[in-house]
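Notes to accompany the following structure.
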Amino acid sequence: MLMGTVFIIQPHSIKYVNVAIKITMNNQFNQFSLTHALLDNLDELKFHSMTPIQAQSLGYILENKDVIGQAKTGSGKTAA
């Protein structure tokens, strides 16, 4: 189990979420409603499963929420 920090920015407030995520085979990009073209591009780039920061933040991002993610260099923040 990995721990991480995600900040969800809402009008007039910042919600701090300390999340625990279990890295399993279910951390695939196709669990979200992404277009086939995007999934094909991810596959072509060899992004087969999400990194912890991606898994913690992508759901919020897809809900059009602003997110500040804190993770070390090379963890996949930009790709999220």
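The values are calculated or read from the model by the stated rules, or taken from the named source; none is laboratory data. Keep in mind it's a predicted model, so treat the numbers as computed, not measured. No Cβ is skipped: glycine too gets one built from the backbone with ideal geometry, and neighbour counts run over all protein chains shown. Side chains are part of the model used for accessible areas, which takes the heavy atoms of the whole protein and leaves out ligands, DNA and RNA. Shrake-Rupley method; radii C 1.70, N 1.55, O 1.52, S 1.80 Å.
Summary table below
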| quantity | calculated |
| --- | --- |
| Subset tally (residues that are in contact (Cβ under 8 Å) with a residue 12 or more places away in the chain and not in a helix (DSSP H, G or I)) for the stretch 35-54 | 5 |
| Verdict on V17 being at pLDDT below 65 and part of a strand (DSSP E or B) | yes |
| In the stretch 55-77, residue most open to solvent (accessible area, probe 1.4 Å) [restricted to those that are in a loop (DSSP other than H, G, I, E, B) and closer than 18 Å to F32 by Cα] | N64 |
